[in-house]
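The values are calculated or read from the model by the stated rules, or taken from the named source; none is laboratory data. The model shown is predicted, which means the values in this text are computed figures rather than measured ones. No Cβ is skipped: glycine too gets one built from the backbone with ideal geometry, and neighbour counts run over all protein chains shown. With ligands, DNA and RNA removed, areas are computed over all heavy atoms of the protein, side chains included. Shrake-Rupley method; radii C 1.70, N 1.55, O 1.52, S 1.80 Å.
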Amino acid sequence: MFTYAISSQKGGVGKTTTTVNLGAALARSGKRVLLLDMDPQGSLTAAVGASTYGLSMGDVLEQPDNTINAIAPCTGSMHVVWASPTLASVFQTLADMPSPAFRLTMALRTVHDCYDYALIDCPPALGHATANALTASNVVLVPLQCEYLSMRGLHDMKDITAIIRDTTNPGIRLRVLGTMFDKRTLHANSVLQEAHLDLPGLVYQTVIPRTVRLAEAPSTGKTIFEYAPESNGAYAYGMLAQEILREDGNHGTTARDSAGTEQLSSFALAA
C-alpha cells in the first residue's frame with residue numbers, strides 16, 4: 001500500500017479537493033483507496049458524504065487495532081475514516097500515549113493488505129496530526145496554489161519533511177502539485193516555474209486548473225468525476241493519477257515500521 005499525506009502549512013490551497021479527487025481517480029483506475037481525515041474540522045468527511053456514526057479517527061489513534069472497524073464506504077467507490085471536532089482533544093492527549101508519532105503508522109499497518117492507496121487529508125497546522133501523517137507516509141504531496149504566498153508554505157513543508165526524514169521516517173518523498181492554476185496570468189506561470197527551479201524533478205507535470213466545478217462538487221458529496229465528469233478538473237485529476245501510478249510503479253513499498261527511531265523533534269511532540 002502506498003500512503004500519501006496531502007499537506008500544506010497554508011489553508012485554502014486544495015488539500016481536501018486533491019485528497020478526494022486524486023483518490024477517486026485512482027479508484028477509477030482499479031485501485032483500492034482508503035481516505036483518512038486527520039483534520040478536526042472534518043472537511044474531507046463532509047466532502048465525501050461520509051456517515052458520522054461509529055468509530056472515528058480519534059478512536060483509531062487511541063486504539064490502532066480498531067482501524068478496520070472505523071472504515072466506512074463513501075462516494076467514488078472509496079472507503080474513509082471520518083473525523084469530528086473531538087479529534088482535537090485526542091491530539092492533546094496523544095503525547096501521553098506510547099509512540100505518539102507512530103499511532104497512525106500502527107493503525108495503517110493493520111489494513112496494509114486491504115488497500116492499494118491510503119490518502120491522508122492533513123490540517124494546515126503543525127503538531128501531532130502532521131507528525132503522524134508524515135511518519136506514516138511514503139510521500140508527502142504538497143498542493144501549491146499558484147500564488148506567491150503559497151511558495152512560503154512550500155518552503156515550510158520542505159523544512160518539516162526534512163525533520164521527519166531525520167527523525168521518524170527516513171524514506172519519505174516530497175512531491176509538489178500546482179493547484180488553482182490560471183494559465184492566462186503571468187503570475188501563476190511565474191510561481192509554477194519558480195517551483196520547478198527550486199525543486200527540480202519534484203513538481204508534478206500535471207497542474208490542477210482553477211475551476212468552479214471543483215469548488216462546487218464537495219457541496220453535493222460527490223467527486224469531480226461524478227459531479228462534472230467532462231470538466232477540466234476531472235481531466236486534470238485523471239492525468240495526475242496516471243502520473244502517480246507511473247512513478248509508484250518504479251518504487252517498491254512496504255508497511256511503515258512503527259519500531260523506528262523515537263528521537264522526535266519538538267515539532268513532532270508539539271500539541
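Here are a few things to note about the model shown:
- Test for ASP59: is it acidic (Asp, Glu) and out of contact with any helix residue (DSSP H, G or I) (no Cβ under 7 Å at 6 or more places or on another chain): no
- Residues of the stretch 105-139 classified as open to solvent by less than 30 Å² (accessible area, probe 1.4 Å) and acidic (Asp, Glu), total: 1
- Selection count, the stretch 3-46, where residues are in contact (Cβ under 8 Å) with a residue 60 or more places away in the chain, open to solvent by 10 Å² or more (accessible area, probe 1.4 Å) and of a type in the set (A, V, I, L, M): 1
- Each residue in the stretch 193-226 was checked for being open to solvent by less than 20 Å² (accessible area, probe 1.4 Å) and under 15 Å from MET151 (Cβ atoms), and 3 pass.
- Residue satisfying condition, being hydroxyl-bearing (Ser, Thr, Tyr), out of contact with any helix residue (DSSP H, G or I) (no Cβ under 7 Å at 6 or more places or on another chain) and under 28 Å from VAL81 (Cβ atoms), within set SER190, SER219: SER219
- Only one entry of SER56, SER51 meets the criterion of being open to solvent by 20 Å² or more (accessible area, probe 1.4 Å) and either modelled with pLDDT of 95 or more or not acidic (Asp, Glu) (or both), and that entry is SER51.
- Residues in the stretch 169-192 that are exposed (fewer than 15 other Cβ atoms within 10 Å of the Cβ) and hydroxyl-bearing (Ser, Thr, Tyr): THR185, SER190.
- Search result, residues across the stretch 12-22 that are within 18 Å of SER219 (Cβ to Cβ) and not basic (Lys, Arg): GLY12, GLY14, THR16, THR17, THR18, THR19, VAL20, ASN21
- For the stretch 59-90, a tally of residues being free of Cβ contacts under 8 Å to residues at least 24 places away in the same chain and open to solvent by less than 20 Å² (accessible area, probe 1.4 Å) returns 1.
- Criterion violated by VAL142 - all others in (1) surrounded by 17 or more Cβ atoms within 10 Å (Cβ to Cβ); (2) not in a strand (DSSP E or B) satisfied: (2)
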